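Working notes, structure below.
Rule-based calculations on the coordinates, nothing more; no lab input. Source: prediction; values computed, not measured. Cβ placement follows ideal geometry from the backbone for every residue including glycine, while neighbour counts extend to all protein chains displayed.
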Amino acid sequence: MTLWRHEWRLLTRQRLAVVSLLLLAVLSIAAVIAGLAEVHRQHQVIDRIQPQQQADEAAIARWVSVEGDAGNAAYYTAHATWDSPSAMAFAALGQRDVAPYVLRVRALGLEGQLQESESYNAELALPGRFDWAFVLTYLMPIFLIGLLHDSRSSEREAGRAQMLTVMARSPRWLWGRRVILRVGLAWLAVALPLAIGAIAAEAAPAQVAPFLLISLVYALIWTLLILLIARATRASVANAAMLSALWLVITLIVPTLALLAINDRHPVRQGVELTLAQREEVHAGWDRPKEDTMAAFVRLYPEWADLAEVESGFHWKWYYAFQHLGDVAVAPQVATYRQALLARDAETRLAGWVLPAVGVQYALHRLARTDLRAQLDYQDEIRRFHEQLRRYYYPYVFNERPFREADFANAPRWTDRPDN
C-alpha cells in the first residue's frame with residue numbers, strides 16, 4: 001500500500017494529469033445529464049400524445065356518431081403509437097436521434113406513413129449527438145493517450161529511468177502500478193457517472209453491468225495499443241503524435257471509409273422513394289376498375305368475398321381495399337429496402353470486430369435498444385397494430401354497420417413493448 005500511496009502522490013503532483021482526469025469526469029457527467037434530459041423529453045412527448053389522442057378521438061366520435069359512418073371513423077381517426085426508450089437509452093441514443101419514436105397511423109395505406117424517415121448505421125456515421133457512448137468511444141482514448149504516452153519516456157528524458165529500474169524490486173511492476181492507477185482512474189471517471197445515471201433512470205443492475213464491462217474492455221484495448229507504441233525509445237512528443245494519428249485513423253477515418261464501402265456494397269433506396277411509390281399505387285387505384293380492385297382484395301381476404309361487389313359510385317370498402325393494395329404492391333420494394341438495411345447492419349457488426357470504436361458503439365446501441373434493429377422492430381409492431389385496426393374496421397365498412405361512440409372505445413389500442 002505504501003508504494004500505491006507513493007504512486008498516488010506522484011500522480012497528484014502532475015497537474016496536467018489531474019486536470020485531464022477531472023475534465024474527463026466532467027465530460028462524462030455532462031454526457032449522462034444530456035442523455036437523461038433527452039430521454040426525459042422523449043418520455044414527456046409520449047406522455048402528452050396519449051391524452052391528446054383521447055381528446056382527438058372523442059371529438060371525432062361525437063361527429064361520426066351523428067351519422068354512424070364507419071368509413072369516416074377509419075379515415076379521420078389517427079391512432080397513436082410510440083416506442084418508449086429503454087432504461088439505458090440515455091447512455092447511447094443511437095437511432096433515437098434520427099428516427100421517429102412516435103407515429104400516429106390511420107387505417108389507410110401504411111407504408112407511406114412509415115417510410116417518411118430514413119434509417120442509418122449510426123455506429124459508422126461521423127460522431128453525432130453528445131452522449132455517454134460518444135465520450136467513451138471518442139474522448140476517453142484521447143485522455144488515455146495523454147495519461148500514458150510518456151509513462152516511461154518522461155522518466156527517461158528526466159534521467160531517472162535507469163535509477164528507478166535499479167531501485168525497484170520489480171521494474172515491470174513499477175511501471176505496471178503507474179499504468180493501472182491511471183487507467184483505473186480514467187475508467188472510473190467514465191463509469192461512475194454512468195452508474196449514477198443508471199440509478200436515476202431506474203435501470204436494473206443486469207442492464208448496467210454490460211455497459212461497464214464494455215467500457216472497461218475498451219479502456220484496456222486502448223491501453224494495450226498505447227503501451228505497445230510507447231515502449232519504444234522515442235521522445236514523449238513523438239509518442240503523442242503517433243498515438244494521436246492512430247486515434248484519428250481508428251476512430252474516424254477508417255470507420256468513415258467502412259461506411260462508404262458498406263453503403264456501396266448495399267445500395268438502399270431512400271424511404272421517401274418508397275413513400276412516393278406507395279402513394280402512386282394508391283392514386284392509381286382511383287382509375288382501376290372496381291371489379292379488379294375488389295377481386296385482388298378478396299384474394300387476400302376471402303372472408304369478404306360475399307360482400308365484395310361494389311355498385312357504381314364511391315364506396316368505403318372499395319376505397320380501403322385499394323389503400324391496402326397500395327401497400328401490397330410495394331411490399332417487394334419494402335422487403336428489399338429492409339434486407340439492404342439489415343445487410344448493412346450485419347457488415348457493421350463484422351467491422352466492429354476489427355474497429356474497436358465501431359464495435360463498442362454497435363454493442364452499446366444494441367444493449368440500449370437504440371439501434372437499427374430496434375427501429376425496424378418498432379415498425380413491425382406498427383404493421384401488426386395496423387393489421388388489427390383494418391380488421392376491426394372492415395366488418396363495419398363491408399356490412400355498412402353504424403359506428404357509434406362505444407365502437408371507438410372498443411378499437412384496438414397500442415401497448416408499449418414489454419422490453420421497454
GluC sites (Glu not before Pro), restricted to the range 254-311: which are DSSP loop and have at most 15 other Cβ atoms within 10 Å?
309, 311
Estimated dipole of the chain in Debye, rounded to 20 [Cβ of Lys and Arg +1, of Asp and Glu -1, Cα centre]
3160
Given 10 Å bins starting at zero, what is the percent of C-alpha pairs of the range 269-335 in each, up to the one with the largest pair distance?
21, 49, 24, 6
Looking only at 217, 105, 135, which one moves most when the chain is put into a Gaussian network model with springs between Cα atoms under 10 Å?
217
If a/c stays under 1.5 just call it rounded; otherwise compare a/b with b/c (prolate if a/b is bigger, oblate if not). Do that for the range 322-420, with a ≥ b ≥ c from the square roots of the Cα gyration tensor eigenvalues.
oblate
Have a look at 355, 409, 112 and report the one farthest towards the positive end of the charge dipole of the chain, computed about the Cα centre with Cβ charges (Lys/Arg +1, Asp/Glu -1).
355
Karplus-derived HN-Hα couplings along the range 302-313 (A = 6.51, B = -1.76, C = 1.60, θ = phi - 60°), whole Hz, x at Gly and Pro:
x, 5, 9, 4, 6, 10, 7, 5, 10, 7, 4, x
At most 14 other Cβ atoms within 10 Å plus a DSSP loop assignment makes a site exposed; report the longest stretch of the chain without any exposed chymotrypsin sites (Phe, Trp or Tyr not before Pro).
1-285
When the chain is modelled as a GNM with alpha-carbon springs shorter than 10 Å, which of 292, 327, 306 fluctuates the most?
306
Backbone N within the range 378-400 under 13 Å of label point (7 Å from residue 306 Cα along the Cβ vector)
399
Cα-only Rg/Rh for the range 19-420 with Kirkwood Rh rounds to 1.15
Could you check the spin-label model distance between residue 291 and residue 238? Points 7 Å from the Cα along Cα→Cβ, value in nm.
8.8
Tell me the relative contact order for the range 19-420 as a rounded percent, counting alpha carbon contacts under 8 Å between residues six or more apart.
30
Gaussian network model of the chain, Cα springs within a sub-10 Å range: biggest mean-square fluctuation belongs to which of 206, 74, 346?
206
Can you list residues from other chains, or at least 5 along the same chain, whose modelled amide H is less than 5 Å from the amide H of residue 104?
81
Residue-span extension gain [residue 336 to residue 72] - 0.36 nm each, minus C-alpha spacing:
91.7 nm
